[in-house]
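Contents: one structure, followed by commentary.
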Amino acid sequence: MGKSIGIDLGTTNCCVAVLEGGAVQIVPNKEGGRTTPTVVGFTDKGERLVGQIAKRQAVTNAANTVYAVKRLIGRKFKSREVERMRETSAFEITDSSNGDARVRVQGRNYSPPELSGIVLQRLKAAAEDFLGESVTDAIITVPAYFDDTQRQATKDAGKIAGLKIERIINEPTAAALAYGLGKSNSERIAVYDLGGGTFDISILEMNDGVFEVLSTSGNTFLGGEDFDERIMNWMAEQFLADTGIDLKQDRLALQRLKEVAERAKCDLSTQLETNINLPFIAADATGPKHFNKALTRQQFESLVEDLVEQTVEPCQTALSDAKLQPADVQKVILVGGQTRSPIVARSVEKIFGRKPSAEINPDEVVAMGAAIQGGVLSGDVKDIVLLDVLPLSLGLETRGGLFTKIIERNSTIPLRESRTFTTVVDNQSSVEIHVLQGEREIAKGNRSLGKFELVGIPANPRGVPQIEVSFEVDGNGIVSVSAQDKATGREQQIRITPTSGLSPDEIDKLIREAEEFADSDKTEKELLVMRTKVDSLLRNTRKSFVEFGGLLSEIDQETAEAVFKEAEAAGQAQRLEEINIVMNKLERVAGQLTSAMLNPTPDATTSEV
């Protein structure tokens with residue numbers, strides 16, 4: 001393995017780092033900057049512009065300049081998040097044949113991985129210029145709550161850029177590596193990562209070079225872009241009230257609004273007030289119109305207060321999953337440019353009961369951690385062990401529509417888990433393996449990752465075939481599933497590569513719904529379990545009735561037939577009490593048959609069921 005670079009592929013900005021002589025160095029871009037805007041521009045001459053040069057020409061080439069594409073990875077065009085982006089984006093977001101969101105520029109549709117690949121190509125070239133040698137290997141960071149789709153898309157972007165992605169590492173974990181390098185003391189830390197497009201919170205324990213992630217939580221559609229949008233909306237509303245002109249209908253105006261909104265947000269991190277001046281932003285019959293207003297920090301904080309509040313619940317969830325209280329965390333590390341806002345620091349202090357640490361650069365620390373991980377993989381960095389976790393449970397849909405978990409959320413990765421299942425009907429020749437992700441007990445309440453069939457199972461009575469299903473999660477958090485018939489050795493497998501990511505609040509909702517719907521899930525589970533028991537008892541009792549039913553009295557035979565019909569209808573019953581009544585009747589019929597088999601003497605008496 002050659003020299004490996006660490007890349008923080010951010011929503012708003014990217015950063016590249018490399019391990020040289022035991023020290024981490026930030027790789028400058030060709031303009032000399034330590035971070036590169038995640039912006040791609042397309043000129044009329046067919047040129048591709050990346051980074052600062054693309055950002056500079058965005059106002060004059062708004063429709064052909066793309067930013068924040070990381071927020072589109074793994075999302076459907078019709079999702080609420082994509083709809084929100086379409087409202088404020090100067091470039092066109094369009095549908096695709098499989099429903100995924102795409103970006104349309106100059107008559108061509110670009111996928112998010114392709115656009116990310118263009119950015120990575122430029123970062124790769126900068127690293128090669130800096131090192132004076134070819135670069136093929138990279139460690140890329142992703143939000144901890146990125147799902148399998150988004151991780152796969154990130155690896156695809158690396159391939160497009162000509163990079164071999166040695167490892168995908170979670171952003172908060174990378175930050176912890178950079179913070180803890182060279183420290184031998186034991187410490188429990190929380191990494192609060194609020195970047196341009198996503199939010200993550202991870203609780204880690206560091207102990208003499210061992211970095212163990214205890215829990216993670218977050219929101220894949222919450223970040224600085226949303227803060228910018230609030231300022232943009234405020235400006236548009238002010239302008240509409242003053243002039244009657246809606247700036248949101250003008251793509252060029254939208255791009256100018258975004259540019260000044262981002263600048264104003266940054267100013268208000270260090271100033272109490274900033275002046276926003278946009279001359280000639282629009283025009284009507286009376287002439288050109290200008291926007292010139294002051295925005296105070298207090299006004300800004302009132303605009304974004306609810307966004308900051310959305311980070312509180314994931315923090316509490318992460319603490320709960322780690323079985324910790326806020327006082328058990330010795331230090332809180334801030335990561336991501338948006339954490340520079342004073343309102344964010346105040347919120348973090350309120351959650352954890354201590355002031356957050358500002359000892360590391362929030363824009364560079366993630367790339368630094370990725371470079372350190374590269375050193376670990378190459379053997380240049382010794383005595384560091386990284387134990388990361390899976391953010392959501394993985395499992396299968398089993399009979400009756402239940403979700404059977406194979407790997408619980410916050411399990412340490414990489415790992416492999418197996419479980420043996422069987423068939424549900426006689427002579428079943430194939431089984432469908434439906435892979436799910438989530439926390440609900442009912443299959444339909446979780447997200448489907450993929451399906452495949454294991455065929456060629458020898459004819460046997462139900463319950464005889466042994467099907468071993470194995471889940472494997474690699475160090476990148478990417479999932480593979482296989483199923484093997486133990487009798488024949490026949491195997492089928494799938495590498496989970498779904499075509500879209502989780503919808504807006506879907507990841508957080510899966511866990512919250514597991515708690516909110518716990519009671520209803522429990523009831524539905526009991527119904528499914530009882531229906532299965534009735535079905536099983538019905539099959540066995542009917543089989544015995546065919547063979548030994550003649551030993552019963554005529555009245556008992558008629559009663560048994562009636563009970564069998566009731567049992568068939570029990571599959572549609574919605575109340576547990578109804579199914580229990582049928583179950584009791586079936587058990588009595590089964591008891592009569594058993595008694596008749598043991599004592600075949602004709603019995604003229606009848607008995608009630």
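General observations
- The stretch 1-107: trypsin sites (Lys or Arg not before Pro) in DSSP coil with no more than 13 other Cβ atoms inside 10 Å: 45, 78
- Antiparallel DSSP beta bridges within the stretch 225-374, percent to nearest 5: 90 percent
- FRET efficiency, residue 575 to residue 30 (Cβ-Cβ, R0 45 Å, nearest 0.05): 0.05
- In order along the stretch 56-64, the phi-based Karplus estimate (6.51 cos²θ - 1.76 cosθ + 1.60, θ = phi - 60°) of 3J(HN,Hα) comes to 5, 8, 4, 5, 8, 9, 4, 5, 10 Hz; Gly and Pro are listed as x.
- If you take all other residues with their beta carbon under 15 Å from the beta carbon of residue 27, and give Lys and Arg +1 and Asp and Glu -1, the sum is -4.
- Links that overshoot a 29 Å alpha carbon limit, given the list 76/533; 55/248; 78/289; 76/289; 30/159: 76/533; 78/289; 76/289
- Difference of contour (0.36 nm per residue) and Cα-Cα distance, residue 131 to residue 109: 4.5 nm
- Efficiency of FRET from Cβ geometry, residue 60 and residue 286, R₀ 25 Å, rounded to 0.05: 0.45
- With Cα atoms, 0 to 90° folded angle of helix 297-309 axis to the chain main axis: 20 degrees
- Among beta bridges from DSSP that stay inside the chain, the antiparallel ones total about 80%.
- Cut-off 14 Å between beta-carbons: net charge of the residues surrounding residue 179, Lys and Arg +1, Asp and Glu -1: -3
- Of the residues 530, 358, 119, the one whose Cα sits farthest toward the positive end of the charge dipole of the chain, with +1 on the Cβ of Lys and Arg and -1 on the Cβ of Asp and Glu, is 119.
- Our summary gives the chain a relative contact order of 13 percent, counting only alpha carbon pairs under 8 angstrom and 6 or more residues apart.
- A simple spin-label model places the labels of residue 293 and residue 448 4.7 nm from each other, with each point 7 Å out along Cα-to-Cβ.
- DSSP-assigned coil residues among trypsin sites (Lys or Arg not before Pro) in the stretch 324-397, each with at most 10 further Cβ atoms within 10 Å: 382
- Compared with the dominant Cα axis of the chain, that is its longest principal axis, helix 171-180 is turned about 70°.
- Computed [θ] at 222 nm, helices only, for the chain once each DSSP H run of length n ≥ 4 contributes -39500 (n - 2.57): -12000 deg cm²/dmol
- Rounded to the nearest 20, the Cβ-based charge dipole of the stretch 95-187 about its Cα centre (Lys and Arg +1, Asp and Glu -1) stands at 180 debye.
- Under a model in which nothing but the beta-carbon of Lys, Arg (+1) and Asp, Glu (-1) is charged, the chain shows a dipole of about 1500 debye around its Cα centre.
- Those aspartates and glutamates that a straight Cα-Cα span of less than 15 Å connects to residue 585, excepting residues fewer than 8 apart in one chain: 535, 556, 558, 561, 566, 568, 577, 608
- Angle in degrees between helix 518-548 and the longest Cα principal axis of the chain, rounded to the nearest 10: 30 degrees
- Selection from 442, 316, 541 lying farthest towards where the dipole of the chain points positive, charges on Cβ: 316
- Using C-alpha pairs below 8 Å separated by at least 6 residues, the relative contact order for the stretch 137-184 is 51 percent.
- Note on the stretch 387-434 and the stretch 236-278: Cα centroid distance 50 Å, given to the nearest whole angstrom.
- Once each of the GluC sites (Glu not before Pro) sitting in a DSSP loop with at most 11 other beta-carbon atoms within 10 Å is removed, the chain keeps 360-607 as its longest stretch.
- Listed pairs 323/444; 45/155; 183/355 exceeding 25 Å between Cα atoms: 323/444; 45/155
- Ranking 11, 455, 429 by how far each Cα lies toward the positive end of the dipole of the chain (charges on Cβ) leaves 11 at the top.
- For the stretch 268-397, the dipole from Cβ point charges (+1 on Lys and Arg, -1 on Asp and Glu) about the Cα centre works out to 460 debye, to the nearest 20.
- The Cβ shell under 14 Å around residue 92 holds other residues with a net charge of +2, Lys and Arg each +1, Asp and Glu each -1.
- Among the trypsin sites (Lys or Arg not before Pro) found in the stretch 138-188, those both in a DSSP coil and sparsely packed, with 15 or fewer other Cβ atoms within 10 Å of their Cβ, are 183.
- Ranked order, 105, 210 - accessible area, probe 1.4 Å, largest first: 210, 105
- Between the amide H of residue 462 and those of 426, 427, distances stay under 5 Å, these residues lying 5 or more places away or on another chain, with hydrogens modeled in the peptide plane.
The values are calculated or read from the model by the stated rules, or taken from the named source; none is laboratory data. Please read these numbers as outputs of a predicted model, since none were measured by experiment. Cβ coordinates were reconstructed from backbone atoms using ideal geometry, including for glycine residues, and neighbour counts include every protein chain displayed. All accessible areas refer to the heavy atoms of the entire protein, side chains included, with ligands and DNA or RNA removed. Shrake-Rupley method; radii C 1.70, N 1.55, O 1.52, S 1.80 Å.
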